[in-house]
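Rule-based calculations on the coordinates, nothing more; no lab input. Being a predicted model, the structure only gives us computed values, none of them experimental. Please note: Cβ atoms are built from the backbone with ideal geometry, for glycine as well, and neighbour counts cover all protein chains shown.
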Amino acid sequence: MTTPTIPAPARTTTPARSWAPYARRALLAAAVAGVALAVSRVVPLLGPLLVAMAIGVVAANTPGISRHVVGASPRADKLLLRSGVVLLGLKVAISDVLALGVSGITVVLVTVAATYGATQLAGRMLGVERELTTLVAAGFSICGAAAVAAVESSIRARAQDVALAVAMVTVFGTAMIAVVPGVGHLVGLTSEQNALWAGASIHEVAQVIAAASLIGAGGSVVLATATTVKLARVALLAPVQLLSARVCRQDAERRGPLVPLFLVGFLVAVAVRSTGLLPTSVLDLAGALTTLLLSAAMFGLGTGIVARQLWPVPGRAIALASISTLVAATTSLVLVLLIG
């Protein structure tokens, strides 16, 4: 009797992961980021991150185009965002922050803590969603759209909330460009005090630079002071990001690593910059690449937004942004008058 032949089990083959969709998405996002950078140079107050997000929103809501961009390679968008946040650390040198002295560092720490805490409290009182409140708190207390993007990757906020927070930080930060130099002159601040106030209160780095140029006397010293104070706030992105993740953590299933890898990368980048070993040419290139990566990531976020869900702008969101800006401005001004 012959023994029946038992067929071998069929082998299951896993097709190799194709990187083509990721590459296409990255190239498209980079191209959009390049356009956003060009537009922002013509209209500096818009900012490349906002422009890139707006292009993403338009593309996602245009028939015939939306199917090519909506939901395409979200992992590529996340990688672009986190890479940009890591490189953002190369803008911060610990020695520059320490050079501000006890008074300058105190102004930064107290202003950031007061702005973040007051915004969270106001959001609860106004009934604003926790995720949107946290995005506004981070963006207004740290570094605008870049902080919004960094925190978003940990709290999983809706794309509409991200867009709203970025829009608010752009509008209110732009208004502060004229307010801070004007009020500083009225209350009798010196140029250096006014620069300290601008760096501690205005939301975006580009907005701080624009305000510093309007302060008047002092020139490069004023610009350097304002920019350094602003970058001292950027250095606090890591603790604020961790705090935001804890604030928005709903359940154990959403818990990721205690310290995300990209945040570790940010801190390593700060440490590398603080060594003073990197030449200016490398830092300039890294700065340009940071803006490009973050703008590309914001395009990706924009493609997940349904335009009709953004309008009308909720009154509670406007009220929250107003309170956050007011707290940042008044807290830092009082501190500058007392100890600056």
Which FRET efficiency value, to the nearest 0.05, is calculated for residue 126 and residue 41 with the Förster distance at 45 angstrom and r the Cβ-Cβ distance? 0.75
Please compute the net charge surrounding residue 80, taking Lys and Arg as +1 and Asp and Glu as -1 over other residues with Cβ under 14 Å from its Cβ. +3
In a shell of Cβ-Cβ distance under 13 Å around residue 173, excluding residue 173 itself, what net charge do Lys and Arg (+1) and Asp and Glu (-1) give? +1
Using the count of nearby Cβ atoms within 10 Å as a rough guide to exposure, how do 151, 222, 128, 102 rank from fewest to most? 102, 128, 222, 151
Over region 145-203, what is the relative contact order in whole percent, taking alpha-carbon pairs under 8 Å and six or more residues apart? 33
For region 168-189 and region 94-146, what is the separation of their Cα centres, given in Å? 17
Provide 227, 62 in ascending order of the number of other Cβ atoms located within 10 Å of each residue's Cβ, fewest first. 62, 227
Subtract the Cα-Cα distance of residue 178 and residue 282 from 0.36 nm times their separation in residues, and report this length gain in nm to one decimal. 34.1 nm
Once both label points are put 7 Å beyond Cα along the C-beta direction, the residue 24-residue 246 separation in nm becomes 4.4
